[in-house]
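Before any comments, here is the structure.
No value in this document is a laboratory result; all are computed from the given coordinates. Predicted model, so just to flag it, every value in this text is computed and none were measured. No Cβ is skipped: glycine too gets one built from the backbone with ideal geometry, and neighbour counts run over all protein chains shown.
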Amino acid sequence: MKIESQRKIALAVWGNIISPVFDSTRMVLIAEIQDGKVVSNRHEWLGPELPYSRALRLSGWDIRVLICGAISVGFARTIEVYGIEVVPFISGEAQQVLDAYLNGNLRTDVFCMPGFRGGRRNRFRGGRR
């Protein structure tokens, strides 16, 4: 996975781990990446809003990638409409997930949620399946 020289990514978090279900998560960790390194990060309140409002908020923060656990199709599709890549069905400690993303190792089974192996977690990308 090639990383742009500068971008912001959001990780749906619950404490210091990836939140198991995005639909009920309230907090995201936003990391600003420049030349493959984190130059800043902060936590932001995402709130309990509906998919449209959450997508708008993520877009307003200039997020390009959302890394999360399980996510409903409605939430994922709405977020993707705003040009945000959704990387679903990820689990683990947030900092380790962020490091794996930066190193291009996020798509290994180490960070897959139980029951989501192989290409199944890419189901939200692209057109109809």
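If R0 is 41 Å, the Cβ-Cβ spacing of residue 110 and residue 56 corresponds to a FRET efficiency of close to 0.80.
Other residues whose C-beta falls under 14 angstrom from the C-beta of residue 13 contribute a net charge of 0, scoring Lys and Arg +1 and Asp and Glu -1.
How big is the charge dipole of the stretch 6-122 about its Cα centre, in debye rounded to the nearest 20, if each Lys and Arg gets +1 on its Cβ and each Asp and Glu gets -1 on its Cβ? Don't skip to the answer; put the middle values down first.
On the way: 13 positive and 11 negative charges, 37 e Å.
So the dipole magnitude of the stretch 6-122 works out to roughly 180 debye.
With helices as the sole contributors, the chain gives -6000 deg cm²/dmol at 222 nm; each DSSP H run of n ≥ 4 counts as -39500 (n - 2.57), and the sum is divided by every residue.
Within the chain, which complete DSSP H helices have Cα atoms spanning at least 24 Å along the helix axis and a mean Kyte-Doolittle hydropathy of 1.6 or higher? Present the calculation step by step, with values, prior to reporting the outcome.
Numbers: long enough: none.
Long hydrophobic helices here: none detected.
Tally Lys/Arg at +1 and Asp/Glu at -1 over every other residue whose Cβ is under 15 Å from the Cβ of residue 45; what's the total? Provide the component values of the computation, followed by the final result.
On the way: positive: 26, 42, 54, 57; negative: 44, 49.
Every neighbour counted, the sum reads +2.
Compactness of the stretch 6-122 was expressed as the Cα radius of gyration divided by 2.2 N^0.38 Å, which yields 0.96. Using C-alpha pairs under 8 Å with a sequence gap of at least 6, the mean separation divided by the residue count of the stretch 6-122 gives a relative contact order of 26 percent.
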